[in-house]
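The next block holds one structure in the form of structure tokens; read it before the comments.
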Amino acid sequence: MSALVLAPNETDPIKVAAAVNQLAQGRSNATGSVTLTVSSTSTTVTAPNCATASVVLLMPKTANAAGAIGTTYVSTIANKSFTLTHANNAQADRTFGWIALG
């Protein structure tokens, strides 16, 4: 679930409280889902909140993703994206959830 994004000059205490409450409830705009690119050894993920110092964590969402976790890793972290390196195969359902923190 995504969290409420406030304008830098927001002064409405109700909106500020709502945003803080959403964060306390675990909502974040730093999450997403990715399916590994078929017949390729890398997949680039657009992640607007990602920065070079972020830590990216993956969670397999399908059986084939769980099987690929041993050969899938975050090889590059950049501003607004990261790249996964993985085995080259024809499975089209290697889907992971991700979170980029920091």
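I'd like the Karplus ³J(HN,Hα) series for region 35-41: coefficients 6.51, -1.76, 1.60, θ = phi - 60°, whole numbers in Hz, and an x wherever there's a Gly or Pro.
Values, residue by residue: 10, 4, 5, 5, 6, 8, 9 Hz.
Under the rule of at least 5 residues apart or a separate chain, name every residue whose amide H is placed under 5 Å from the amide H of Thr76.
Thr83
Residue by residue, what Karplus-based ³J(HN,Hα) values in Hz, rounded to whole numbers, does region 17-28 have, using 6.51, -1.76 and 1.60 with θ = phi - 60° and x for Gly and Pro?
5, 4, 5, 5, 4, 4, 5, 5, 7, x, 6, 7
Starting from the amide H of Ser42, placed 1.01 Å from N in the peptide plane, find each other amide H under 5 Å away whose residue is 5 or more places distant or on another chain.
The list, which skips near neighbours in sequence, is His86.
At 25 °C and a viscosity of 0.890 mPa s, what translational diffusion coefficient does Stokes-Einstein give for the chain, taking Rh as the Kirkwood radius over Cα pairs? Give it in µm²/s as a whole number.
Details: Rh = 14.9 Å.
So the translational diffusion coefficient is about 165 µm²/s.
Could you give me the ³J(HN,Hα) list for region 90-99, computed from phi with Karplus coefficients 6.51, -1.76, 1.60 and θ = phi - 60°, whole Hz, x at Gly and Pro?
With the stated coefficients, region 90-99 comes to 8, 5, 9, 10, 8, 9, 10, x, 9, 9 Hz.
With each run of n ≥ 4 DSSP H residues scored as -39500 (n - 2.57), what mean residue ellipticity at 222 nm is computed for the chain after dividing by its residue count and rounding to the nearest 500 deg cm²/dmol? Spell out each step's value before the answer.
Working: 2 runs with 18 residues, N = 102.
My calculation for the chain gives -5000 deg cm²/dmol from helical runs alone.
Can you find, among Gly32, Thr46, Ala66, the residue farthest towards the positive end of the dipole of the chain? Put +1 on the C-beta of Lys and Arg, -1 on that of Asp and Glu.
About the Cα centre, the residue reaching furthest to the positive side is Ala66.
Quick one: which residues, 5 or more positions from Thr62 or on another chain, have an amide H under 5 Å from its amide H? H modelled 1.01 Å from N in the peptide plane, none for Pro or chain starts.
HN-HN under 5 Å from Thr62: Thr95.
No lab work stands behind these numbers, since they all come straight from the coordinates. Because the structure is predicted, anything quoted here is derived from the model rather than measured. A quick note on method: Cβ atoms are made from the backbone with ideal geometry, for glycine too, and the neighbour counts reach across all protein chains shown.
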